[in-house]
Number of protein chains: 2
Amino acid sequence: MEEHRPVTIYDIAERLNLATSTISRALKDHHSISDKTIKKVKKTAEEMGFVPNTLAAGLRGNKTKTIGVLIPTITQPFLSSLISGIEVTARKSDYSVIIMQSHDSYEDEVNMTKSLYSSRVSGVICSLAMETKDTSHFQQFSNNNIPLVFVDRVPKGYNTFRVVIDNYTAGYKATKHLIDQGCKRIAHLTAGAEFGNLYKERKRGYLDALTDHGLPVKEEWIINLKAMTYDAGVKACQKLFGLKVPPDGLFAPGDILAVSAVQTAKKRGIKVPQDFAVIGFNNDPISEIIEPNISTITHPADKMGKAAANIVIDTIGSRKEEEAKEITFLNTEVLIRESSKRA
Amino acid sequence: MEEHRPVTIYDIAERLNLATSTISRALKDHHSISDKTIKKVKKTAEEMGFVPNTLAAGLRGNKTKTIGVLIPTITQPFLSSLISGIEVTARKSDYSVIIMQSHDSYEDEVNMTKSLYSSRVSGVICSLAMETKDTSHFQQFSNNNIPLVFVDRVPKGYNTFRVVIDNYTAGYKATKHLIDQGCKRIAHLTAGAEFGNLYKERKRGYLDALTDHGLPVKEEWIINLKAMTYDAGVKACQKLFGLKVPPDGLFAPGDILAVSAVQTAKKRGIKVPQDFAVIGFNNDPISEIIEPNISTITHPADKMGKAAANIVIDTIGSRKEEEAKEITFLNTEVLIRESSKRA
DNA sequence: TTCCTTTACGCAATCGGTTGTTTTTAATTT
DNA sequence: AAATTAAAAACAACCGATTGCGTAAAGGAA
């Protein structure tokens, strides 16, 4: 541990009067090396403080045991849990994880794919930037047999692995739950096309649930947000509460919006859930802590990360480029809490 | 983009009838290459879809433009913001970031330092695992001139860079604020020695603030927690409220604890802040959303990440191993919100 | 003893840029 | 035109681990 130049297999070879190839093989328990030699080599390597240079191995073998993760930002509970799931799973198979944040910028995303490719990651897990319409910058991975998995915010019309939830069904279930609680005038917050089809699907589930149960769909109860933020939620809810016929329930496709709705209602003296039932989405930590607790749809970030990482790891090295890549759907559940429970 | 074997500088050299050294230099605007050649090379590289192999460059130069980040977990707001700050700063200088989670396990931390060293990271940023007492596994970085910066949870008696806040002063300021609001019986939650000196320092600030202002220090108002969780906070507060002489204020060294205190108080019909003023720590997102809003001490995660990354980047390559490494203190502020404001 | 297998290990090329040194070419000076 | 110098590009070693192929030694069969 005192050396100022890393110990290499050459150093070990010299010390033991063996060839580097023997050292290399011995360290990996190659069958053509005798047990005696293997033991001796490992012992010496340990003594000398040898640490393999993964760069050299990576260069030679053209594989790096590294997974690149490219996401909009890591400071969202959903995404940090996703990364956590990826990291834990990757590490079990001795993979490292490189993180990059696109901050929802298309340009950054493009540059980062280059950077990831440049560092010869073994696989890539990505949740698309909001700005991204064209996904041709991901072709370099497909073309070079590097597994590519999209999570949550996935592209359309591009044959790659995808790990997602069924947003349509989730939206349907959330709305159905409100209906079951007796809500008749259910509002919904959604987002424009630039957010991809994620929110669109949730909205479709919402609409179908309403019509399936004979409830009215009123345009004024459906508000398009430009950003899924607390403030945007407050503004939207104020608009809702100011309507001549205000809604008595809300399906918010994000917990932070649900929180804003609950708090805005409380400030107006509207009772939650009696006068206004709310269900959110994601099961962010805050939904459990806020009062009243917020009913929500689970969004299994950790599991999704784990699934994505496993797909990458299992796919590395297999040369089935032309095959159709499967889509993995993870289950969501309705978590009924105080904000919607009209017992 | 259609090639199934990456384009190398050899391919470019062959196409242009130049030596690979010329290509390599041209791509980096080396002065000994004519402008005409540089232009030609860059154009051809672009056309052929050349992407440099950072492994090869890293192997040769023994540097990788990669920063290793080793932290307990990324799913804490403070730590994910820290990483975010690191990532953004690193990227500006064209560095990549490798993330590893020790999950507060000493053994994992040791293995991960090996892994980071093995991949020849250019620098390391670390927040220590709770279990870690001995830090000799970090010597491999110091010995090999790899910049090492500890953040927030730093070791004692080890000459490395450190980026921290002044926990003593922060604890003092927080307590002082409660005193200014008229609190006379101020409680405190803290943690055992296994958490390092972070909480100890905050407690020291708390104690000094009390004695400086002639307020009593009562052991029963100081509760040692085994985990800094919501549930642990609830339990501790119930104990506090059950005392013959219950406290009228609380300095919680974490927002999640402050939240638990506020909610436990409310459930008991204790008015916050009138009967019980609370100040937390960290300025986690939740402190702003919960009702009442929670006063807190800012913990500039993003800035700390930025500072740490800058130290790493600035130090890479400079061979001043024997010099004393500076400690960077970042400022904290008291954010006065509803939970402590007795206007 | 000779021939044939195994077993155990060495040789040398390879991965793809980087860089110190040398050679070639072009430009400038006398 | 010859000599001097600067500019441009080539040569070749290098980083450290991996691996196909070759070979020597040891053991067994004929």
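What follows is calculated from the coordinates using simple rules that are stated; it is not laboratory data. These numbers were taken from a predicted model, which means no experiment stands behind them. Cβ sites come from the backbone with ideal geometry, for glycine too, and all protein chains shown count toward neighbours.
GNM, chain A, Cα, under 10 Å: largest mean-square fluctuation among A:80, A:295, A:24?
A:24
Quick one: of A:226/B:267; A:325/B:63; B:184/B:303; A:184/A:267; B:92/B:133; A:42/A:65, which pairs are farther than 26 Å apart, Cα to Cα?
Numbers: A:226/B:267 37 Å; A:325/B:63 36 Å; B:184/B:303 35 Å; A:184/A:267 23 Å; B:92/B:133 34 Å; A:42/A:65 22 Å.
A:226/B:267; A:325/B:63; B:184/B:303; B:92/B:133, as the Cα separations exceed 26 Å there.
Would you mind getting the Kirkwood hydrodynamic radius of chain B from its Cα pairs, rounded to one decimal in Å? Numbers along the way, then the final one.
On the way: mean 1/r = 0.0440 Å⁻¹.
For chain B, the Kirkwood estimate is 22.8 Å.
Quick one: net charge around residue B:208, please, counting Lys, Arg +1 and Asp, Glu -1 for every other residue with C-beta under 14 Å from its C-beta.
Numbers: positive: B:173, B:176, B:200, B:202, B:203, B:204; negative: B:166, B:201, B:212.
My count for the surroundings of residue B:208 gives +3.
Report, ordered by chain and residue number, the aspartates and glutamates lying within cross-link reach of residue A:306, taken as a straight Cα distance under 15 Å and ignoring same-chain residues fewer than 8 apart.
Partners within reach: A:87, A:94, A:152, A:314.
Within the set of other residues whose C-beta is less than 11 Å from the C-beta of residue A:305, count the net charge using Lys and Arg as +1 and Asp and Glu as -1. Walk me through the numbers before you get to the answer.
Numbers: positive: A:303, A:306; negative: A:87, A:152, A:302.
My count for the surroundings of residue A:305 gives -1.
Amide H to amide H under 5 Å from residue A:96: which residues, 5+ apart in sequence or cross-chain, H placed 1.01 Å off N in plane?
For residue A:96, the qualifying residues are A:66, A:67.
Quick check for me: using +1 on Lys/Arg Cβ and -1 on Asp/Glu Cβ, what's the dipole size of the stretch B:167-299 about its Cα centre, in debye to the nearest 20?
Computed about the Cα centre, the dipole is about 400 debye.
Quick one: if the Förster radius is 35 Å, what FRET efficiency do residue B:211 and residue B:268 give, using the C-beta to C-beta distance and rounding to 0.05?
Numbers: r = 29 Å, r/R0 = 0.84.
It comes out at approximately 0.75.
Going by Cα centres, the stretch B:274-337 and the stretch B:169-241 are how many Å apart?
19
Let me have the 222 nm mean residue ellipticity of the protein assembly as shown computed from DSSP H runs of 4+ only, each contributing -39500 (n - 2.57), with the sum over all residues rounded to the nearest 500.
-13000 deg cm²/dmol
Give me the log10 of I(q) over I(0) for the protein assembly as shown at q = 0.05, 0.12 Å⁻¹, as the Debye formula computes it from C-alpha points; what are the numbers?
One equal scatterer on each Cα of the protein assembly as shown leads to -0.29, -1.34.
Enumerate the lysines that residue B:40 could reach by cross-link, defined here as Cα to Cα under 22 Å, with residues fewer than 8 away along the same chain left out.
Straight-distance partners of residue B:40: A:114, B:28.
Can you list the residues, at least 5 places off or on another chain, whose amide H is less than 5 Å from the amide H of residue B:277, using H built in the peptide plane?
B:249, B:250
Which loop GluC sites (Glu not before Pro) in the stretch A:252-343, with loop taken from DSSP, have no more than 12 other Cβ atoms within 10 angstrom of their Cβ?
Numbers: sites: A:288, A:321, A:322, A:323, A:326, A:333, A:338; in loops: A:321, A:322, A:323, A:326, A:333, A:338.
Loop-located and lightly packed - A:321, A:322, A:323, A:326.
With no solvent and one equal point scatterer placed on each C-alpha of the stretch B:7-77, evaluate the Debye formula and give log10 I(q)/I(0) for q = 0.20, 0.25, 0.29 Å⁻¹, two decimals.
Each listed q corresponds, in turn, to -0.83, -1.14, -1.29.
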